[in-house]
Amino acid sequence: MPFLRGKLLNNGYNDKAKQELQWLLNQLEAYYNYVASKNSVEEKHLQAMKSFYREILTVLSLDRA
């Protein structure tokens, strides 16, 4: 997560986008830890990860500085 966080947050985005990305990355990390504590990865976990991916892409595409 530190690599992803560093790449996204230090890449010329405006303050609003950085705040949104920070929040999304915090939520993603918490969800990752939740899924990691389970015995298996289910389809619903994969769908949630795709949702995080779409949300991050939306922030990156709409809020570019």
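The values are calculated or read from the model by the stated rules, or taken from the named source; none is laboratory data. The shown structure was predicted, so the numbers you read here are calculated from the model rather than taken from an experiment. Please note: Cβ atoms are built from the backbone with ideal geometry, for glycine as well, and neighbour counts cover all protein chains shown. Ligands, DNA and RNA are stripped out before the accessible areas are found, and what is left, the full protein with its side chains, is counted by its heavy atoms. Shrake-Rupley method; radii C 1.70, N 1.55, O 1.52, S 1.80 Å.
What is the number of the single condition among (1) at positive phi; (2) within 15 Å of the chain's Cα centre (by Cα) that Leu24 does not meet?
(1)
Hand me the list of helices (runs of 4 or more DSSP H) wholly inside the chain holding 2 or more residues that are surrounded by 11 or more Cβ atoms within 10 Å (Cβ to Cβ) and among the hydroxyl-bearing types (Ser, Thr, Tyr).
Of the helices (runs of 4 or more DSSP H) lying wholly inside the chain, those with at least 2 residues that are surrounded by 11 or more Cβ atoms within 10 Å (Cβ to Cβ) and among the hydroxyl-bearing types (Ser, Thr, Tyr) span 15-36, 43-62.
Give me the residue from the range 1-32 that is of a type in the set (Lys, Arg) and in contact with a helix residue (DSSP H, G or I) (Cβ under 8 Å, 6 or more places away or on another chain) and, out of that set, modelled with the highest pLDDT.
Lys18
List every residue pair whose Cβ atoms lie under 6 Å apart, where the two residues are 6 or more positions apart in sequence or sit on different chains, the first residue falls within the range 14-42 and is closer than 17 Å to Arg54 by Cα and in contact (Cβ under 8 Å) with a residue 24 or more places away in the chain, and the second residue, located anywhere, is open to solvent by 70 Å² or more (accessible area, probe 1.4 Å) and not in a loop (DSSP other than H, G, I, E, B).
If the second residue must be open to solvent by 70 Å² or more (accessible area, probe 1.4 Å) and not in a loop (DSSP other than H, G, I, E, B), the pairs left are Leu24/Glu55.
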